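S.K.: Take this structure, written in structure tokens, and hold onto it; I'll ask about it next.
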Amino acid sequence: MEKPFSIVIHGGAGTILREDMTPELEKAYLQGLEDALSAGYAVLEQGGTSINAIKAAVVLLEDNILFNAGRGSVFTKQGLQEMDAAIMDGKNLRAGAVTGVRNIRNPVELAEEVMMNSNHVFLSGKGAIDFAIKQGIKMEPDDYFFSRFRFEQWKQIRESDDYSLDHTHLDLSELMKNKKFGTVGAVACDNQGNIAAATSTGGMTNKKYGRIGDTPVIGAGTYANNSSCAISCTGHGEPFIRAVAAYDVSCVMEYKGLKLEEAMKYVVLDKLVKLEGEGGMIGVDAGANVAMVFNSAGMYRAMRHSSGNHFTGIFREQ
């Protein structure tokens, strides 16, 4: 007998306020979320795996210039785009991750190649790109990743030592107040009860020293285990790494016996807050239950369940 199935996606969290959003931009973000959600849900509806569903959703988010991943990735201190991604299969705990890659159209696809065909979990920089070329992963020239909006963001702070976690305002005084953590991710449960998680990001505007956030770190920004949950995080990466946030939800479920949403709330609204970790996460369990929890002003998010439950939202009050 087929089990219920579901998918949840996010496109980043942070200080996302209704008064800062034009109707046109809000509509574009909601459409981008809906398109990605539909792509992932269609895979599940046709009996596809959770891995293929989350990959389909994240690929569309990476291709959408509105989101800080893939094509819409922010500029580093050197004026380049460096991307991170991870994917994990809850059925067998296999995982793949890449960090500091350039010119990769869809980093989530490269992460999956690492998981399936490399005998490794985590590849970085030139080695990851060499592997991508060997595996025939689609590449794009630098100008494919150029966004005027991202360039203006970077121009505001490139002469300073400041960095930005993505934002909606270009006024420098507003820069750190109006934070938006631009990561994308998806989690899903298929009709076999297998769950999976994927996360992808362009990181921080003006980042230097080869900084790596939580996104590609298995257990920090991405984690999946059929016996507990699949989690994809978005937020200020450093506290999420220190909290091992995604895996901590799994641990709380396993050792404290909490249900998915209870465990996520404990980690996001209590443990992360104590570390000044702003952001959120999406989750699913093997019963296709879903949750979207964040401690910031907003989170681009959407979910769809085989029962007919369907939601897309941006702001906290939704």
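The values are calculated or read from the model by the stated rules, or taken from the named source; none is laboratory data. Remember, it's a predicted structure, so these values are computed and weren't measured experimentally. Using ideal geometry, Cβ is built from the backbone for each residue, glycine included, and neighbour counts are taken over all protein chains shown.
S.K.: For Q81, work out the one condition from (1) part of a loop (DSSP other than H, G, I, E, B); (2) closer than 29 Å to N226 by Cα it doesn't fulfil.
M.R.: Result: Q81 fails condition (2) only.
S.K.: Hey, could you check the range 250-304 for residues that are acidic (D, E) and either modelled with pLDDT under 95 or in a loop (DSSP other than H, G, I, E, B) (or both) and say which is surrounded by the fewest Cβ atoms within 10 Å (Cβ to Cβ)?
M.R.: Restricting to residues being acidic (D, E) and either modelled with pLDDT under 95 or in a loop (DSSP other than H, G, I, E, B) (or both), the top hit is E276.
S.K.: Among the candidates T234, T312, which residue alone is surrounded by fewer than 20 Cβ atoms within 10 Å (Cβ to Cβ) and within 25 Å of G32 (Cα to Cα)?
M.R.: T312
S.K.: Acidic (D, E), within 15 Å of the chain's Cα centre (by Cα) and at negative phi: is that true of D214 in this structure?
M.R.: yes
S.K.: Which residues, taken from the range 44-57, are out of contact with any strand residue (DSSP E or B) (no Cβ under 7 Å at 6 or more places or on another chain), buried (at least 16 other Cβ atoms within 10 Å of the Cβ) and either touching a residue at least 24 places away in the same chain (Cβ under 8 Å) or farther than 17 Å from S232 by Cβ (or both)?
M.R.: Of everything in the range 44-57, those that are out of contact with any strand residue (DSSP E or B) (no Cβ under 7 Å at 6 or more places or on another chain), buried (at least 16 other Cβ atoms within 10 Å of the Cβ) and either touching a residue at least 24 places away in the same chain (Cβ under 8 Å) or farther than 17 Å from S232 by Cβ (or both) turn out to be G48, T49.
S.K.: Could I ask something else about it? Of everything in the range 121-136, what is in contact (Cβ under 8 Å) with a residue 12 or more places away in the chain and surrounded by fewer than 20 Cβ atoms within 10 Å (Cβ to Cβ)? Give them in sequence order.
M.R.: Listed by number, the residues that qualify are V121, F122, S124, G125, F131, Q135.
S.K.: Of all residues in the range 52-107, count the ones that are under 13 Å from the mean Cα position of the chain (by Cα) and over 21 Å from Y300 (Cβ atoms).
M.R.: 2
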